[in-house]
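Here the structure is laid out as structure tokens; the discussion comes afterwards.
What follows draws every value from the coordinates through simple rules; no lab data is involved. Bear in mind that the values here come from a model prediction, so they are computed numbers and not experimental data. Virtual Cβ from ideal backbone geometry, glycine too; neighbours counted across all protein chains shown.
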Amino acid sequence: MSQRQLLQVFEQYQRARTSFVQTIAELSTRPQNIETLQNAGVMSLLRPLLLDVVPTIQQTAALALGRLANYNDNLAEAIVKGDILPQLVYSLAEQNRFYKKAAAFVLRAVAKHSPELAQAVVDCGALDALVISLEEFDPGVKEAAAWALGYIARHNGELSQAVVDAGAIPLLVLCIQEPEVALKRIAASALSDISKHSPELAQTVVDAGAIAHLSQMILNPDAKLKRQVFSALSQISKHSVDLAEMVVEAEIFPAVLTCLKDPDEYVKKNVATLIREITKHTPELSQLIVNAGGVAAVIDYIGDSRGNVRLPGIMMLGYVAAHSENLAMAVIVSKGVPQLAICLSEEPEDHIKAATAWSLGQIGRHTPEHARAVAVANVLPRLLSLYMESESSEDLQVKAKKALKSILQKCTYLPALEPLLHEAPPNILKHVVGQFSKVLPHDSKARRLFVTSGGLRKIQEIKSEPGSVLQGYINSINNCYPEEIVRYYSPGYSDTLLERVDHYQPVM
Amino acid sequence: MATMVKLQRKINGIKEESFNRNRVAEENRRKEHKAALLIQSWFRGCRVRAYLRHLQRKATTIQKIWRGYLGRMYFRRMVKTAYFIMKMNFYNVMAVRIQKRWRAYYVRKYVHNYYALKQYLEGLTMTNEIVRRELEEFAVIKSREQEKTALESGERKKDYLARKMHYLVSTEQIAGVFNSPYKLFPDEMEFRLRGAKPLSPKASRSRKNGTEGIVETSAPRTPFALPQIEHLPPIPKKKQQGPFRDPTEVLLQRYKPLEPTLRVATSITSVEEAREELKRKEWGSQVNDELFHHFSNANKSRRHELMLHTSSKFGHVDYGTKHFREENPEKLKGKKDFKRVFTTVQVFDKFGKMYSSAGKAV
């Protein structure tokens, strides 16, 4: 054979390899093909192609592997078992930027499924190679490396600690300052995943000076970037008072409140989460946010949104009101209670209703003024029905009962207590009757209203053990009225009257 | 002689007698000795007892007097402490009254200041209103921007579509799809098509690939890439005959823009200009143009100026100190002063002076 024919054999082989690897890469974008590919044994075929002479084939093979691993965790495990990772980690350090991107993509796809797989990735020494890639010039390489680090750190605290020990954080903070928006997004998301596990990790992130850069990006027009920035800030501030104070010192208020009106839903949710994590810690922080008008903004946000995204806003109102009665009064003055009442009746999910019940309880438990504001919004019958419904979850029932009890113990607004008198079970009825017994002895108009609305009749119908607290309350209410009225309304009075008719001697 | 014989006769008798008497006496000696001892001891006993009784009486007297003295002293001490306790209780009660009033004032003014809370809540409502209004404006602006961008991107898409499908434009002979003869006016797409520039084939091919960047397509290609569409060979430009250089090169060289070196580009007076610039900047950032002269106030004897805040008649409003509480000095006239001193007990003046002159005490 001539030399040319010999070379043609090699040409054909190379062409075949290239077309195979490119087709596989394209087929693996569609999920329905992946099962078939896996059964056909594509892993074992792709593995030697990673070591191919031609760089394009290497890169396309890595890309195909990454897409396959992305799809489900069995394939990712097959990659780990097939000892492909050490090769990838080695070439991550050596090869050109396109291969680095592909290798980082594969590592990320493997690490995202479970902590064990992420641990396997870490055990291959991927962290050092990824951190070195973070120092590259090309923004695409940095993005891929940061993404992989973020997925590794997402699972648990030990993995995050390993990422931090590899020295990733200062480089990630540098990445955040880069002009490319995609890189900023990924770096912010990685910082958020690292700092969410423990206060020490969050402190490490803060020590690298992340807060200043994150707070500069708050008013960036890109919505996905804002999501990640707010998520990162809220993960940092949730751990302790000091961290929350540092986040607040970055002067994000009141600029952050404008982001509550962002068109993107998840930006709003993350902003509300950030505000909630800050107000959770101390009354001073809550006071700061209230003074900046945060409560009004959050209440509007609750009114505009539906479903799960409302939850952080509702909890924020609860935390603010829980600290002190002045703050609870501030929440009431900002028209929070009608909004929460609407949430309580509108929302279908139990955990949101439970959070709303808790918040209302925190608002109404301080003084009679607060309890009156909550009762006027017609919340108490709704709380009672939530407590009584058998289909409410246990958590919802417990929270509704606690909220109801704490509001009732301070409520002196009788028109709101009346409906409860007719419907409540004995353990709640005790408190309702107790409140009546506190108010009625001093207010004559209320006494009159009590009789005409049928409350006195209901009181007489209540059965209770003599000597119990409930009986004591009933006696004190009965003592407010003349005996004839009490006897008139006691059950069976008509029977006793008729008996008297039976025994009566007519006067001739 | 007779007496001597009598006496001699008695001698024997005397001997016997004396012997008898001795014997009797000896026999009785013990008894009598004992009796005498008894009598003597009894008498001595009586004497001693009388002495002891006497002593006892004296001792009792002394003790009685001494106990009386102690008891009176103790009593006096008890009265003193009781008096002291009574005084302290009185003072405590009065102090509690003062503290009660002070705490009520303090709490109402500083801790749970109702009016401050009311003002704060009113201020808060106003802030909330402002924040709500601004946020609504912001939301409106944002939604308008979004609509605008959506509209613009829609327009661009339609224009791009028109460029791709420019062949659907209607001609004289054939009315296009968008130019139905049954309608009065052609569709808006028709107008777009008429105004669109046809898309060149190169532009249609340079569309973004999703995996662009991951695979290096600009790497030195293998000599055996996948078969591609054959391009037509380029139309060659007519080359001038002769030893001429490429006209593009020549034009580039002829119209090359001036690139002066840094030394040439800086002006001669750049140092002075820089100084001027610096001076201007400093002048602009200064607050006070006067130079600071050290120790210049030493020789000027200026009167001390009071603070505006406290001195002028438009000073700070005395909130709470002057009109928080009403004062009616007229109502207080005629009332007796508050008694600050408790009445003394005269007993104590005489303490230590009731006794003998030997018992003089201070």
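Contact order normalised by length for the stretch A:76-199, with contacts defined as Cα pairs under 8 Å and 6 or more residues apart; what percent is it? Write down the numbers at each step before the final one.
Numbers: 169 pairs, mean separation 28.9, N = 124.
Answer for the stretch A:76-199 is 23 percent.
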**Request:** Among B:Y182, A:Y489, rank each residue by its count of other Cβ atoms within 10 Å, from fewest to most, as a rough exposure measure.
**Result:** B:Y182, A:Y489
**Fill in**
By the mean-Cβ-within-10 Å protection proxy, highest first, A:185-191, A:379-385, A:344-350 rank as A:185-191, A:379-385, A:344-350
**Prompt:** Which residue, chosen from A:G336, B:G71, A:C259, occupies the Cα position most advanced towards the positive end of the dipole of the protein assembly as shown, where the dipole is computed from +1 (Lys, Arg) and -1 (Asp, Glu) charges on Cβ about the Cα centre?
**Reply:** B:G71
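Any idea what the alpha-carbon Rg over 2.2 N^0.38 Å comes to for the stretch B:114-211? Don't skip to the answer; put the middle values down first.
Numbers: Rg = 26.5 Å, N = 98, 2.2 N^0.38 = 12.6 Å.
Output field value: 2.11.
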**Request:** Name the shape class, rounded, prolate or oblate, that the alpha-carbon gyration tensor gives for the stretch A:325-447, where a ≥ b ≥ c are the square roots of its eigenvalues, rounded holds for a/c under 1.5, and otherwise prolate holds if a/b is larger than b/c and oblate otherwise.
**Result:** oblate
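Between the DSSP loop rule and a limit of at most 15 other Cβ atoms within 10 Å, which GluC sites (Glu not before Pro) in the stretch A:366-416 are left?
Numbers: sites: A:E369, A:E389, A:E391, A:E394; in loops: A:E389, A:E391.
Answer by residue number: A:E389, A:E391.
Anything over 21 Å Cα to Cα? Flag those among A:K268/A:K401; A:K100/A:K184; A:K196/A:K402; A:K261/B:K118; A:K399/A:K438, in the order listed.
Details: A:K268/A:K401 31 Å; A:K100/A:K184 19 Å; A:K196/A:K402 31 Å; A:K261/B:K118 30 Å; A:K399/A:K438 26 Å.
Among A:K268/A:K401; A:K100/A:K184; A:K196/A:K402; A:K261/B:K118; A:K399/A:K438, the Cα-Cα distance tops 21 Å for A:K268/A:K401; A:K196/A:K402; A:K261/B:K118; A:K399/A:K438.
Taking 0.36 nm per residue of sequence separation and subtracting the Cα-Cα distance, how much length would be gained by fully extending the chain between B:I85 and B:T269, in nm to one decimal? Display every interim value, and only then the final one.
Values: separation 184, 0.36 × 184 = 66.24 nm, distance 9.58 nm.
Extra length from B:I85 to B:T269 when fully extended: 56.7 nm.
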**Message:** What are the ³J(HN,Hα) couplings of the stretch B:106-120, residue after residue, when phi is run through the Karplus curve with 6.51, -1.76, 1.60 and θ = phi - 60°? Round to Hz, x for glycine and proline.
**Reply:** 5, 5, 6, 8, 10, 8, 10, 5, 4, 5, 5, 4, 5, 4, 4
**Request:** Pull up the cross-link candidates among the lysines for B:K158, meaning alpha carbon to alpha carbon under 25 Å and not fewer than 8 places away within one chain.
**Result:** B:K142, B:K148, B:K183, B:K197, B:K202, B:K208
**Complete:** Expected integer from the mean partner chain Cβ neighbour count at 10 Å over B:120-133 is 5
**Packing-based exposure ordering (other Cβ within 10 Å, fewest first) of B:Y110, B:Y105, B:Y255** = B:Y255, B:Y110, B:Y105
**Message:** Report the Cα centroid-to-centroid distance between the stretch A:291-306 and the stretch A:44-69 in angstrom, as an integer.
**Reply:** 51 Å
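Provide A:Y387, A:Y13 in ascending order of the number of other Cβ atoms located within 10 Å of each residue's Cβ, fewest first. Don't jump to the answer; show the numbers that get you there.
Values: A:Y387 23, A:Y13 11.
So the ranking, lowest neighbour count to highest, is A:Y13, A:Y387.
How about the stretch A:421-487: which trypsin sites (Lys or Arg not before Pro) there lie in a loop by DSSP and see at most 12 other Cβ atoms within 10 Å? Walk me through the numbers on the way to the answer.
Working: sites: A:K430, A:K438, A:K445, A:R447, A:R448, A:R457, A:K458, A:K463, A:R487; in loops: A:K463.
Loop-located and lightly packed - A:K463.
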**Request:** Output the peptides A:141-150, A:407-416, B:294-303 sorted from most to least packed, where packing is the average of other Cβ atoms within 10 Å over each peptide's residues.
**Result:** A:141-150, A:407-416, B:294-303
**Request:** Can you grab the distance from the C-alpha centre of the stretch B:114-158 to the C-alpha centre of the stretch A:190-261, Å, no decimals?
**Result:** 23 Å
**Computed [θ] at 222 nm, deg cm²/dmol, the protein assembly as shown (DSSP H ≥ 4; -39,500 (n - 2.57); rounded to nearest 500)** = -21500 deg cm²/dmol
**Request:** Summarise the partner chain shielding of A:11-17 as one whole number: the mean count of Cβ atoms from other chains within 10 Å of each residue's Cβ.
**Result:** 2
**Complete:** Residue ranges of DSSP H helices in chain A that stretch 27 Å or more (Cα, own long axis) and have mean Kyte-Doolittle hydropathy of at least -1.0 are A:3-27
